[in-house]
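The block underneath contains the structure these notes are about, expressed in structure tokens.
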Amino acid sequence: MNRQGATAPRGIMGAAPMNRAELALGAPRLALGAYKGLFCAITMALAAAIAAEPVTVPPAVAATVQAAQASDSAGALAVIAKHPGPPHPLIDLVAAQAHLTLAEAVGDPAQEKDRESHAAEARRLALAVLNAEPANRPAHVVLARLAVRAGDWRTASREAAASFDLGNADAAQLGFLADCARRAGDHRLAAMAVSTGILRFPQDRALRRIDLALCIDSGRAEDARTIVLDLLAESPADPALWRNLAWCAQATNRMEESLAALEAALACRDEPGLRRQLAETQAARDLPQAALATIRPLLSVKDPEPAVVLSAARIASAAGDPAQGRAWLALVPAAKRTRDHGLLVARLAVQVGDRAAAGTALDTLIAAGEADPAVLTWAGQLAEQLDQPARAEALYQQAAGGEGRGPGRSPAAAAAGLRLAALYLRQNRRDEAALLIAAHLARQPDDQQALALQAALNTRKNTAR
């Protein structure tokens, strides 16, 4: 420091390496603190100065900055609070960084109000710096990180673009901009940042991962597959990359490769979501026994997720073990059961010959407002099988939609009408059956089932004569 004061460059900005979050299946998750190295200390910022034009810093300001940067964030704020001189943009910048660090801290949820207060103060100070020095890039870094914290990716993208000089940006800065732009939906800006970054830093894997995510977002599966295979060559134990490969393989009709990639991902890291995905893929590939073995461990926990139970029960059914599927479905409390749970309960009950249980399951759905003609017709069939003709008639009528049905009714509703006609015919209610059959044939004169019922009706009439 000379007698006139210390000097510092305009537009200072530190740039430590970023800790990139995993990019999986085109939807990467970004930790709020993933880019904390972008402006971590005044000393690093000075060392990584982008613009070299010096400005005079009063000795008192330099002393406060030096004391603040030697402390943690809380200590830095205490030092700044005792600053003897008037406000200065550099001190405001240091204070903004300290408040930002405290806002980004992961801690007790009860302290969220304090973190929000620190975020608001960091924003106020950063804006004050920009008001005094519009070209101050570190202040834009603070605003960008605050936007990331808030999930405001459009603002984060804009502030990130203002936080560095493209010609001198490092890989971390370009990656930050690309990731924010991508999340903001500005794929053109993201692609430009990635292209610039890869051109200048061809070995940077974080940029390659963002490039991969962009390819997946846009459905360019072949390009994505080329990138992910290159990344896997260096990181073969990364489960997220194997899941990326599984998506690419499926999108390019490489089904065996897709299945193998999911198996490799699970071998790298046993995660419930991945295990379920593999099991469902195995089931879709007509490998129900393998799928059952894959998903079974997920049902050994207390209170398994209803969605997992549903998948497991379906797989058990496909694997020829409906009893196991019913046992798993019984683990889901009635309050947490969805329509799909109820339908599967009925289906598995039919599979083991328990028609009464199937009827009860469907009755529960109908009482809750089920209106699908196919489900109502199924319930009607079960009622007939349980020798409940009046119940069956009511269900068929509900499924068919009542008398005077229009030509736009669904195939399921039309089928219900024919089942009702058949029921009337068995009960020797020929006139009612005749009306239904005639109405159906007027709309579909070549329907073989209706023609067969018409023939049976004519035979009944002839016999009665």
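The values are calculated or read from the model by the stated rules, or taken from the named source; none is laboratory data. A quick note: this is a predicted structure, and the numbers were derived from the prediction, not measured. Heads up, the Cβs are rebuilt from the backbone with ideal geometry, glycines too, and the neighbour counts pull from every protein chain shown. Keep in mind that these areas ignore ligands, DNA and RNA; they rest on the heavy atoms of the full protein, side chains included. Shrake-Rupley method; radii C 1.70, N 1.55, O 1.52, S 1.80 Å.
Note on ARG443 and ASN253: the extension gain reaches 64.2 nm, defined as 0.36 nm multiplied by sequence separation minus the Cα-Cα distance. Convex hull volume of the C-alpha atoms in the chain, normalised per residue: 209 Å³. Counted by Cβ distance under 11 Å from ALA456, the other residues give a net charge of +4, where Lys and Arg count +1 and Asp and Glu count -1.
For VAL57, the residues whose amide H sits under 5 Å from its own are ALA6, THR7, ALA8, ignoring neighbours fewer than 5 places away on the same chain, with H placed 1.01 Å from N. So, R0 is 25 Å and r is the distance between the beta-carbons of ALA356 and GLN397; what FRET efficiency does that work out to, to 0.05? So the FRET efficiency works out to roughly 0.65. In this simple spin-label model, placing a label point 7 Å from the Cα along the Cα-to-Cβ direction at both HIS187 and ALA70 gives a separation of 5.3 nm. Computed FRET efficiency, Cβ-Cβ of ALA327 and GLN388, R0 35 Å: what is it to the nearest 0.05? Taking R0 as 35 Å, the efficiency between ALA327 and GLN388 is 0.80.
Segment ARG124..ARG430, full-extension length gain: 101.8 nm, with 0.36 nm per residue of separation and the alpha-carbon distance subtracted. Between LEU451 and ALA150, the simple label model (points 7 Å from Cα in the Cβ direction) yields a spacing of 7.0 nm.
Summing +1 for each Lys or Arg and -1 for each Asp or Glu among the other residues whose beta-carbon sits under 13 angstrom from that of GLN324 gives +2. Peptides 389-395, 441-447, 68-74 ranked from most to least packed, by the mean per-residue count of other Cβ atoms within 10 Å: 389-395, 68-74, 441-447.
Between ALA81 and ASP217, the contour length at 0.36 nm per residue exceeds the Cα-Cα span by 44.2 nm. With R₀ set to 60 Å, the beta-carbon distance separating ARG205 from ASP372 gives a calculated FRET efficiency near 0.75.
Stokes-Einstein diffusion for region 411-461 at 37 °C, viscosity 0.692 mPa s, with a Kirkwood radius from C-alpha pairs, works out to 313 µm²/s. With a ≥ b ≥ c the root eigenvalues of the C-alpha gyration tensor of region 221-271, is it rounded (a/c under 1.5), prolate (a/b larger than b/c) or oblate? The shape class here is oblate. Please compute the net charge surrounding ARG339, taking Lys and Arg as +1 and Asp and Glu as -1 over other residues with Cβ under 15 Å from its Cβ. Around ARG339, the charge tally is 0. In the chain, the portion of solvent-accessible area held by carbon and sulfur atoms comes to 53 percent [1.4 Å probe, whole percent, DNA, RNA and ligands not counted]. When peptides 313-319, 116-122 are ranked by their average number of other Cβ atoms within 10 Å per residue, the highest-first order is 313-319, 116-122. Per residue, the convex hull spanned by the Cα atoms of region 110-151 amounts to 52 cubic angstrom.
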